[in-house]
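Trainee: Sharing a structure, written as structure tokens. Questions coming.
The values are calculated or read from the model by the stated rules, or taken from the named source; none is laboratory data. Bear in mind that the values here come from a model prediction, so they are computed numbers and not experimental data. Here Cβ is always computed from backbone atoms with ideal geometry, including for glycine, and neighbour counts include all displayed protein chains. All accessible areas refer to the heavy atoms of the entire protein, side chains included, with ligands and DNA or RNA removed. Shrake-Rupley method; radii C 1.70, N 1.55, O 1.52, S 1.80 Å.
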Protein chains: 2
Amino acid sequence: MTDDVDRDDRPPGRRQTPADQATVRRSNLGLVLRHLRDHGPRSRARIAQETGLNKATVSSLVAELTDRGLVSAGELHRGGTAGRPGLIVHLDGATVCGVGVELNVDYAAVLVLDLTGTVLHEEREPLDVPVLGFERTLDEVARLVAVAIEAVGAQGASPAGVTLAVPGLVNSGAGIVSVAPNIGWHDEPVLAGLKQRLDVGCPVRVENDANLSALAEWAMGSEARTPDLVYLTGEVGVGGGVIVAGRLLRGADGLSGEVGHIALGDPEQVCGCGRRGCWETVVGLAALLRAAADPDDPVHDPERDLEARLAEVARRAEAGDERTLAALSAVGTALGSGAAVLINLFNPRVVVLGGYFAVLGRFLLEPLTAELNARVFGPGLAGARVVLSTLGFTAAVRGGAHLALEAVFDDPTLVPLATPDSPTRTEIPS
Amino acid sequence: MTDDVDRDDRPPGRRQTPADQATVRRSNLGLVLRHLRDHGPRSRARIAQETGLNKATVSSLVAELTDRGLVSAGELHRGGTAGRPGLIVHLDGATVCGVGVELNVDYAAVLVLDLTGTVLHEEREPLDVPVLGFERTLDEVARLVAVAIEAVGAQGASPAGVTLAVPGLVNSGAGIVSVAPNIGWHDEPVLAGLKQRLDVGCPVRVENDANLSALAEWAMGSEARTPDLVYLTGEVGVGGGVIVAGRLLRGADGLSGEVGHIALGDPEQVCGCGRRGCWETVVGLAALLRAAADPDDPVHDPERDLEARLAEVARRAEAGDERTLAALSAVGTALGSGAAVLINLFNPRVVVLGGYFAVLGRFLLEPLTAELNARVFGPGLAGARVVLSTLGFTAAVRGGAHLALEAVFDDPTLVPLATPDSPTRTEIPS
């Protein structure tokens, strides 16, 4: 810490007021923590060498990160023959976690990640959100979160943040869901309602589900760290999230990525939002099921698990059922027409398909690609690849949990120092 | 410069190798230059106070910027009664300039900005690019640039960079125009061809015209510095450029912002790109003129100046000509359907309409706004305003000139130090 003090002979632009010292310290704590996350366990000496921080500073930073339960050091033998065993520092996943919770038209889900990205807890339950209404849905969301926090608490982990994913327009600054037609919400004070019900002692946020899914793909998907990435998810509605130059596109109020209501659909078909001709009326789950099966077919039954219903659709397609194949082909083509718009606008390196698009993707890719080749303006799809998400229906909750943890990687001092009676990793069975 | 030397007791993360010293110096030169641009003329003492650099460093930096012809100092009386006259430093516009050159379907234009953003030279000439072909068009572009550089050279200014704006998909890294259907170019090595013809001793770049226009709006338009801005321009084609969080959206290869070929048009209408139903077939200039006037009407005559033809359309609309008004109304509605897509995707604070959309904007805004209200998903247009560009048909050349100058503001050492026989501002009549 002696390196952080104020001096008058600093290089230009580097002189610091006392307030800056804490900022530099926080920034360096974050630098070391992210370095361990991105490059894996290593010795203090190597951290110093690779980050440009001096050794004494690194030792002091590692000591503080240890006191905050974020890293641990263990003696490991080096590979090879040279040198003696080094004390290796690594992320300590056990004490800090991020909570992602998602509500959608017919389910709610929660997932907890520890600092290393390991899933500590996961739950998903059917929930008829449009019928339950706002207040009772929030009760249920709060209950799910409380159960999750209790479960991971028994393992010694405390939440660093909770993020709720909602399928609609979210003004995340204000914590208000402006419009979420598929669950029937308009101008709902979601953040206030959730905070009222939760006593978690950590930041709580509300975000658009597809934006969080895009973030999850960027952070931990099969195409992780692709700087220009478009995410498209098919559920009851259709959601989009975009990573531009490595950052989530948010727009002026966090309302960006609303792809579902582009007027690319059948002009006569009425959408859940009240408009006609929205894209999601031809690529949403309802459009597929309507085309694939009669109304009394069990694949329409909202009480059955969605994944089981999709598996049934896939089974029929594999068995060569013509109606199912035609429905999938029509969705694939329609999906291509909208994905082409996004490729033309964003010039991404990859388009990741999530939700039911991923589950049934093997039947969609051929018509989708044909339509992209016809409609994308740049040669060779302007360099874009289309891939199926490997995160399944957990992308949004993973993105929410990731966002909560990101705050810790930005500022590790958000996690309190361990007090003598607070547990640390070494005292807790994992 | 004594502040820039290496020290071992630097704060963490700040220790510098000798290579870093030059980087810090360049960065601080840029900091001072941008500070003068953004905040106006001021004393060295005030620059030091406001930037956190120390006074001796500021004096040294200002001396170097003066030697590079980028700033001047003049003794000015302070306002008010207190204090004695201070030596005020200001940007020196005279010796360094940025050159923007644009080619479009039926014209080429060049514009030169000095460092302060003042127009030093401007020229525009009709040019039938599709007929001339690639090589002869580049000859003409190179001639325009050479004339411009000679003209400003007579005023003592040297180019810091030249940027060519092209209406098509531009891979700016490679300097290749992949597709520009309205001028008939495919995979043309534009940058190489231009460099071959120009002997300018400064960087030359090729960029998409609408991206450059968006940059111009962001830098010097009526909505300058709006962090989330969408620019739409109507010419023979339709172009789009997007500023996301204060930065130009480029995508993986600089191919972003291709709005013209979204399938929002009449599905039967064939576009210049060979596809059917592209948005530009209903909002491009040809669509308006086709609807507004018979084929033999003089407003169709490509040999007449575009601005004169648009003025004639405006005159008819003001006189209440029903066919003209109906054509404008149809374009306004169609413009709204595409602008709604962009608002839903980008959540901008402002949409700037350029090209002929700005010239005839007063007749387009009502149907446009009605369509936006119907199709934008967020309430109150998700907080977006629609405004008409005040940059006229010069947006792309201004953006190009600006981009060339930005390099100097990032790194003032790109401009050579004045030698004893090279001119400086005080020796040159302006």
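Trainee: Work out which residues of segment A:339-376 lose at minimum 20 square angstrom of accessible surface when the other protein chains are put back, relative to the chain isolated, with a 1.4 angstrom probe, and list them by number.
Mentor: Those are A:341, A:344, A:345, A:346, A:347, A:349, A:374, A:375, which lose 20 Å² or more relative to the chain on its own.
Trainee: Right, another one. Leaving ligands and nucleic acids out of the surface, order B:253, B:199 by accessible area at 1.4 Å, largest first.
Mentor: So the residues, ranked largest to smallest area, are B:199, B:253.
Trainee: For segment B:223-286 and segment A:316-389, compute the distance between their C-alpha centroids and round to whole Å.
Mentor: Here the two parts' Cα centres lie 22 Å apart.
Trainee: List the trypsin sites (Lys or Arg not before Pro) within segment B:82-180 that fall in a DSSP loop (any state other than H, G, I, E or B) and whose Cβ has at most 16 other Cβ atoms within 10 Å.
Mentor: none
Trainee: Could you list the trypsin sites (Lys or Arg not before Pro) in segment A:238-293 that lie in coil according to DSSP, counting only those with at most 14 other Cβ atoms within 10 Å of their Cβ?
Mentor: Sparse-neighbourhood loop trypsin sites (Lys or Arg not before Pro): none present.
Trainee: With N set to the residue count of chain B, report its C-alpha Rg divided by 2.2 N^0.38 Å to two decimal places.
Mentor: 1.09
Trainee: Taking every DSSP beta bridge with both residues inside segment A:224-390, roughly what % is antiparallel (nearest 5)?
Mentor: 45
Trainee: Once you order the gyration tensor axes a ≥ b ≥ c over the Cα atoms, which shape class does segment B:107-168 get: rounded for a/c under 1.5, otherwise prolate or oblate by comparing a/b with b/c?
Mentor: prolate
Trainee: Between copies, how far apart are the residue A:21 label points? List them in nm, one decimal, shortest first, with each point 7 Å from Cα toward Cβ, please?
Mentor: 2.9
Trainee: Between A:364, A:286, A:381, whose Cα lies farthest towards the positive end of the dipole of segment A:279-398 when Lys and Arg beta carbons carry +1 and Asp and Glu beta carbons carry -1, centred on the Cα centre?
Mentor: Of the candidates, A:381 comes out farthest on the positive side.
Trainee: Report, in deg cm²/dmol and to the nearest 500, the calculated mean residue ellipticity at 222 nm for chain A, where each DSSP H run with n ≥ 4 adds -39500 (n - 2.57) and the sum is divided by the residue count.
Mentor: -13000 deg cm²/dmol
Trainee: Residue B:205's amide H: which non-local residues (gap 5+, or another chain) put their own amide H closer than 5 Å, with H modeled 1.01 Å from N in plane and none for Pro or chain starts?
Mentor: Those lying under 5 Å, H to H, from residue B:205 are B:162, B:163, B:164.
Trainee: Still on this structure, I have one more. Of A:53, B:96, B:112, which is farthest towards the positive pole of the protein assembly as shown's charge dipole, taken about the Cα centre with +1 and -1 on the beta-carbons of Lys, Arg and Asp, Glu respectively?
Mentor: Sorting the options by dipole projection puts first A:53.
Trainee: Any chance you could look up the accessible area of residue A:417 with a 1.4 Å probe, heavy atoms only, rounded to 10 Å²?
Mentor: For residue A:417, the solvent-accessible surface is approximately 90 Å².
Trainee: Another question about this same structure. Please build a GNM for chain B, connecting alpha carbons under 10 Å apart, and tell me which residue among B:332, B:251, B:277 fluctuates the most.
Mentor: Of B:332, B:251, B:277, the Gaussian network model singles out B:251 as fluctuating most.
Trainee: On to the next question. Loop only by DSSP, 10 or fewer other Cβ within 10 Å of the Cβ. Give me the GluC sites (Glu not before Pro) in segment A:199-296 that pass, ordered by residue number.
Mentor: Hits after loop and neighbour filter: A:268.
Trainee: Also, quick follow-up: At 1.4 Å probe radius, can you tell me the per residue accessible area of segment B:296-345 in Å²?
Mentor: Value returned for segment B:296-345: 43 Å² of accessible area per residue.
Trainee: Determine the dipole magnitude for the protein assembly as shown: charges of +1 sit on the beta-carbon of Lys and Arg, -1 on that of Asp and Glu, nothing else is charged, the reference point is the Cα centre, and the result goes in debye to the nearest 20.
Mentor: 2560
Trainee: Measure nothing but the geometry: give the 0 to 90° angle between the long axis through the Cα atoms of A:55-67 and the longest principal axis through the Cα atoms of chain A, rounded to 10°.
Mentor: 60
Trainee: Let me ask another. Rounded to the nearest 20 debye, what is the charge dipole size of chain B about its Cα centre when +1 sits on each Lys and Arg Cβ and -1 on each Asp and Glu Cβ?
Mentor: Dipole of chain B, to the nearest 20 debye: 1760 debye.
Trainee: Compute, for residue B:356, the solvent-accessible surface of its heavy atoms (probe 1.4 Å) with the complete set of protein chains present, and express it in square angstrom to the nearest 10.
Mentor: For residue B:356, solvent-accessible area is about 0 Å².
Trainee: OK, next. At 7 angstrom along the Cα-to-beta-carbon line, where would the label on residue B:153 sit relative to the other copies? Give the distances in nm, shortest first.
Mentor: For residue B:153, the other copies' label points sit at 7.7 nm, shortest first.
Trainee: If you don't mind, there's one more thing I want to ask. Please name which of B:212, B:183, A:404 has its Cα lying farthest along the dipole of the protein assembly as shown towards the positive end, using unit charges on Cβ (Lys, Arg +1; Asp, Glu -1) and the Cα centre as origin.
Mentor: About the Cα centre, the residue reaching furthest to the positive side is A:404.
Trainee: At the nearest 100 Å², what buried accessible area, both sides summed, do you get for A and B when the probe is 1.4 Å?
Mentor: Rounded to the nearest hundred, the buried surface is 4800 Å².
Trainee: Once the label point is placed 7 Å from Cα along Cβ, list for residue A:45 the distances to the corresponding points in the other copies, in nm, shortest first.
Mentor: 5.3
Trainee: Can you compute the equivalent ellipsoid semi-axes for segment A:224-390, i.e. the square root of 5 times each eigenvalue of the Cα gyration tensor, sorted largest first and rounded to whole Å?
Mentor: Working from the Cα gyration tensor, I get semi-axes of 26, 18, 15 Å.
Trainee: Which ³J(HN,Hα) values, rounded to whole Hz and listed in residue order, are derived for segment B:169-182 from phi using the Karplus coefficients 6.51, -1.76 and 1.60 in 6.51 cos²θ - 1.76 cosθ + 1.60 with θ = phi - 60°, glycine and proline given as x?
Mentor: Working through the residues one at a time gives 6, 10, 8, 6, x, 7, x, 10, 8, 6, 9, 9, x, 6 Hz.
Trainee: Quantify, in whole percent, the carbon and sulfur part of the accessible surface of the protein assembly as shown (1.4 Å probe; protein heavy atoms only).
Mentor: Carbon plus sulfur share of accessible area: 52 percent.
Trainee: Relative contact order of chain A, please, whole-number percent, based on alpha carbon pairs below 8 angstrom and at least 6 residues apart.
Mentor: That works out to 17 percent.
Trainee: Under 25 °C and 0.890 mPa s, how fast does segment A:189-319 diffuse according to Stokes-Einstein, given a Kirkwood radius computed over C-alpha pairs? Answer in µm²/s, whole number.
Mentor: For these conditions, the coefficient is 143 µm²/s.
Trainee: Debye sum, Cα scatterers, the protein assembly as shown, no solvent: what log₁₀ I/I(0) at q = 0.07, 0.09 1/Å?
Mentor: -0.65, -1.04
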